[in-house]
Amino acid sequence: MKCSVIMHTTSDKKNGRSIMSLKMVKKFSHFSNKVTPRVCIVGSGPAGFYACQQLLKLCADVHVDILERLPVPYGLVRFGVAPDHPKVKNVINTFHKIAKNSRVNFMGNINVGEDITVEELKNNYHAVLLAYGSDQDKVLGIPGETLNNVISGRQFVGWYNGVPFDKDLKVNLDTEEALVVGQGNVALDIARILLTPIDELKKTDITSYALEQLSQSRIRKVWLVGRRGPLQAAFTTAELREISKMQNCTTMWRSEDFQAIEEHLLNLPRPKKRMIELMLNNLSHTTFAKENSTKMKILAPIFFRSPKEIIGTNFVQRVILTKNNVTGDNFLTARAVPTCFEEEISCGLVIKSIGYKSVQIDKDIPFDQCVGRIINSYGKVKDNLYAAGWAATGPTGVILSTMTNAFQIGNLINQELDLSHPKVGTKRLIEIFKEKNVAIVRFEDWEKIDKVECERGKILGKPREKIVDIAEMLKIALS
Ligand code: FAD
């Protein structure tokens, strides 16, 4: 039974004009008691907030609780989006408004699966939405992966963005060359952070300890290695253009990677065509770049290569790459097939940016361990359990596509709400957390953290100085 919104046009007598007001009418054919629809959302990233927004819009008396593992909201908008991309973070303004809605209740510092089970949530809410993202790594599974200074891209991003679990990551930037495995936008973010002049980074909300280490960095060349060819590169034109335009850095493409590519140009979809043209245009500047390479930092993308082994005694010293051929008629789905040719690249740092995966936070969540996501059919998991965002779709797509997905699941939840019985919701949860001695961080408590971060940032001439220690967050929040 779904909530339905009925629009009434009423007259505002005072102003003498016609206004629209929304009135909720719940269609209960068999009983008249009004049941408050209660929905619980697990995770306060874009998926959680956008699903919440849709529910508030469709169901005028719904009450939504958002549970978040950390004392701070916003998921990868805070902890993933690059510090030098502040405009992307403007979505936080929308999320802030949603959280301030009187029908929304944010509860941070609640680790679902540990502090409360999914079964308990299902029993206490009409619907439960799992929107807890993907925060684990895929692995390469090659020899040498555990050497010092071979680190995961997810942790490196977490380190510079202040993820409490990654603040102590050991990363040594006392080396001239780094190799990033992967060619998606996250890989480009990582390369850009390694290559950007320190004075640019100082103005961002990058963590101070990362800034300090980056200011000592000797890295001047970043290899960006992809299994397949330029036609299959996963990064987008805007991100590639941004790095290509950096004043202190030049992009050195390899001409052999672009052989015969021009014959494909005519048949490419426009966005892909624009990206290849950008690469080809830069390719013609590569000789100039070589001549000036002593002064410039270098981004060196390499296509058709997969890491086979990482070599070093204690620290990484070099990587052996296998050369691949790309086969298949459709350029998008073409596969990389290894050949017997190899190439060695010297480097003192390897960052693996080969994708995120989700985890099963509770045994009652049907989960595909191979792919690393919740098993669901268009957002429906089972009974009154739903999934949205990266936990449901896998770690692909940007905030916009996550929003579209979350809106769809919000619609589905609204359509399927079974309001035949009342549910206790928040009240019961508070009892459970009290019994277990788990402190709840409310949205107003987060605002105290936010205020301190902004004040500390102001002193340093940056938008905020993120607090990276959970105990310190809690001290401020609960004071
Ligand atoms: P998340 O944002 O990960 O949110 C999930 C939330 O669930 C988190 O707050 C997490 O703490 C919480 N959670 C996890 N486990 C639990 C638990 N057990 N209990 C309670 N809560 C839990 N998109 C763009 O449009 N522009 C960009 O510039 C951009 N940059 C990116 C950079 C990086 C490095 C990455 C990884 C992604 C980037 N994206 C960008 C993509 C964007 O961040 C994602 O599309 C989006 O964040 C996915 O939203 P989500 O809500 O599914 O997951």
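Using a cut-off of 13 Å between beta-carbons, work out the net charge of the residues near LYS475 (Lys and Arg +1, Asp and Glu -1, LYS475 not included). Can you show the working numbers first?
Working: positive: LYS448; negative: ASP445, ASP469, GLU472.
Net local charge, LYS475 excluded: -2.
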(message) Please list, in order along the stretch 172-183, the HN-Hα scalar couplings obtained from phi with the Karplus expression 6.51 cos²θ - 1.76 cosθ + 1.60 (θ = phi - 60°), rounded to whole Hz, x for Gly and Pro.
(response) 10, 9, 8, 7, 7, 10, 10, 10, 9, 8, x, 9
(request) Return one quarter of the surface area of the convex hull spanned by the alpha-carbon atoms of the chain, equal to its mean projected area, in nm². (result) 28.1 nm²
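How large is the convex hull of the C-alpha atoms of the stretch 359-416 per residue, in Å³? Kindly include the intermediate steps, with their values, before the conclusion.
Working: hull volume 4.2 nm³, N = 58.
Expressed per residue, the convex hull around the Cα atoms of the stretch 359-416 is 72 Å³.
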(request) For every helix of n ≥ 4 consecutive DSSP H residues, a contribution of -39,500 (n - 2.57) applies; sum these over the chain, divide by its total residues, and give [θ] at 222 nm rounded to the nearest 500 deg cm²/dmol. (result) -9500 deg cm²/dmol
(message) Which of rounded, prolate or oblate describes the stretch 298-367 when judged by the alpha-carbon gyration tensor and an a/c cut-off of 1.5?
(response) oblate
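Take the solvent-accessible surface of the protein heavy atoms, probe 1.4 Å, and return the percent of it on the chain that carbon and sulfur atoms account for.
52 percent
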(request) Work out the length of the dipole vector of the stretch 363-422 about its Cα centre, built from +1 on the beta-carbon of each Lys and Arg and -1 on the beta-carbon of each Asp and Glu, and round it to the nearest 20 debye. (result) 160 debye
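I need the trypsin sites (Lys or Arg not before Pro) found in the stretch 290-398, filtered to DSSP loop residues with at most 12 other beta carbons within 10 Å of theirs. Could you put the intermediate results ahead of the total?
Details: sites: LYS290, LYS295, LYS297, ARG305, LYS308, ARG318, LYS323, ARG335, LYS352, LYS357, LYS363, ARG373, LYS380, LYS382; in loops: LYS295, LYS363.
Listed in order of number, the matching sites are LYS295, LYS363.
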(request) Could you let me know the centre-to-centre spacing of the stretch 127-152 and the stretch 399-474, using Cα atoms, in angstrom? (result) 24 Å
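Convert 4 °C to kelvin, take the viscosity as 1.567 mPa s, use the Kirkwood radius over C-alpha pairs of the stretch 70-229 as Rh, and evaluate the Stokes-Einstein diffusion coefficient in µm²/s, rounded to a whole number. Don't skip to the answer; put the middle values down first.
Working: Rh = 18.1 Å.
It diffuses with D of about 71 µm²/s by this estimate.
Which FRET efficiency value, to the nearest 0.05, is calculated for GLU242 and ASP199 with the Förster distance at 22 angstrom and r the Cβ-Cβ distance?
Values: r = 17 Å, r/R0 = 0.78.
The pair GLU242/ASP199 has a calculated efficiency of 0.80.
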(request) Kindly point out which whole DSSP H helices in the chain project their C-alpha atoms 24 angstrom or further along the helix axis while averaging a Kyte-Doolittle hydropathy of 0.0 or above. (result) 399-416
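Using a 1.4 Å probe, what is the accessible area per residue for the chain, in Å²? Could the numbers behind the result be given before it?
Values: 22740 Å² over 479 residues.
That works out to 47 Å² per residue.
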(request) Search the structure for amide H atoms under 5 Å from the amide H of ILE66, placed 1.01 Å from N in the peptide plane, and list their residues when 5 or more places away or on another chain. (result) ILE41, ASN105, PHE106, MET107
(request) Report ³J(HN,Hα) in whole Hz for each residue of the stretch 358-367, in order, from the Karplus equation J = 6.51 cos²θ - 1.76 cosθ + 1.60 where θ = phi - 60°; Gly and Pro get x. (result) 8, 10, 7, 7, 8, 4, 7, 8, x, 9
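Quick check on the stretch 57-97: what does the Kirkwood estimate of hydrodynamic radius come out to from the alpha carbon pairs, in Å?
Details: mean 1/r = 0.0820 Å⁻¹.
The answer is 12.2 Å.
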(message) I'd like the Karplus ³J(HN,Hα) series for the stretch 109-117: coefficients 6.51, -1.76, 1.60, θ = phi - 60°, whole numbers in Hz, and an x wherever there's a Gly or Pro.
(response) 6, 10, 9, 5, x, 10, 7, 7, 8
(message) As a test, work out the antiparallel percent of DSSP beta bridges whose residues both lie in the chain, rounded to the nearest 5.
(response) 45 percent
(request) Starting from the amide H of ILE298, placed 1.01 Å from N in the peptide plane, find each other amide H under 5 Å away whose residue is 5 or more places distant or on another chain. (result) LYS221, VAL222, THR250
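The values are calculated or read from the model by the stated rules, or taken from the named source; none is laboratory data. This one's a predicted model, so the numbers in the text were calculated from it and none came from an experiment. Reconstructed Cβ throughout: ideal geometry from the backbone, glycine too, with neighbour counts over all protein chains shown. Note: accessible area is taken over every heavy atom of the protein model, side chains too, but ligands, DNA and RNA are not part of it. Shrake-Rupley method; radii C 1.70, N 1.55, O 1.52, S 1.80 Å.
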